[in-house]
Amino acid sequence: MIMDKRNQLRQLESEIESDKSLPLQESNLVFGEGNIDARVMFIGEAPGSTEDLQRRPFVGRGGQLLNKILTEIGWKREDVYITNIVKRRPPDNRDPLPEEIIVYQPYLTKQIEIINPKIIATLGRFAMNYFIPTAKISRDQGKIFRVGRRLMMPIYHPAAALRATNVMKDFKASFSKLIKAVAKADELLSKQ
Ligand code: URA
């Protein structure tokens, strides 16, 4: 019998939970949440302290900005799916290490396959470079790329937008571009 998406996600979450070979075991698993049929999947880098406490992605200051901008463009947080490349918090909010990113990769790959979004919107440099190693955030944010069967749009990390006004401007502008990309996704994906 083919399992439905919700059960597939539940099973994946418990696989990650029971994989004790994964690094960062001292923090909680932050699996991801949202609409399991979302056309847009947001992917950040790794949970921070608030996310670790609540076991939910993007619920700290950056998450509040994300919620605010989603509301401004007429979407709801519950309409999209949100997760991270690394599913547990690195200590002291340090950047995730390459070896941490690699070992969580098979799980993220499965999670993307199950959700099956048309567009992956990466938040920040690490998530962008996970899909396109040669991309540069200042040059490529807000652009649409094709990654396999999906579109991908790099967006600045909300924490970076909170630190600099010019980044905030681009961060907000990329969400308007994202709406257009969603509307055109099928057409863009049907080309070649
Ligand atoms: N930053 C991230 O990249 N992910 C989160 O879930 C929270 C903050």
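Miscellaneous remarks
- Cut-off 13 Å between beta-carbons: net charge of the residues surrounding Glu45, Lys and Arg +1, Asp and Glu -1: +2
- Beta bridges by DSSP in the chain, antiparallel share as percent, to the nearest 5: 30 percent
- Pairs of Cα atoms nearer than 8 Å and 6+ residues apart set the relative contact order; for the stretch 5-190 it is 23 percent.
- Estimated vicinal HN-Hα couplings, Hz - the stretch 46-52 in sequence order (Karplus 6.51, -1.76, 1.60; Gly, Pro = x): 6, x, x, 5, 5, 5, 4
- The stretch 5-64 shape via C-alpha gyration tensor axes, a/c threshold 1.5: oblate
- Calculated FRET efficiency for the pair Ser176/Ile36, C-beta based, R₀ 35 Å, to 0.05: 0.85
- Overall Cα dimensions of the stretch 5-190, principal axis frame, Å, largest first: 41, 37, 31
- Rounded to the nearest 500, the 222 nm mean residue ellipticity of the chain from helices alone is -15000 deg cm²/dmol, with -39,500 (n - 2.57) taken per DSSP H run of at least 4 residues.
- Couplings 3J(HN,Hα) of the stretch 34-39, computed from phi: x, 6, 6, 10, 4, 7 Hz, in residue order, whole Hz [Karplus 6.51 cos²θ - 1.76 cosθ + 1.60, θ = phi - 60°; x for Gly and Pro].
- Under a Gaussian network description of the chain, with springs only between Cα atoms under 10 Å, the residue in Thr122, Thr134, Thr50 that fluctuates furthest is Thr134.
- Overall Cα dimensions of the stretch 128-192, principal axis frame, Å, largest first: 39, 25, 15
Taken together, the values in this text are just the output of simple stated rules run on the coordinates, not laboratory data. Only a predicted model underlies this, so the values are computations on that prediction, with no experimental measurement involved. Here the Cβ is made from the backbone with ideal geometry for all residues, glycine too, and neighbour counts use every protein chain on show.
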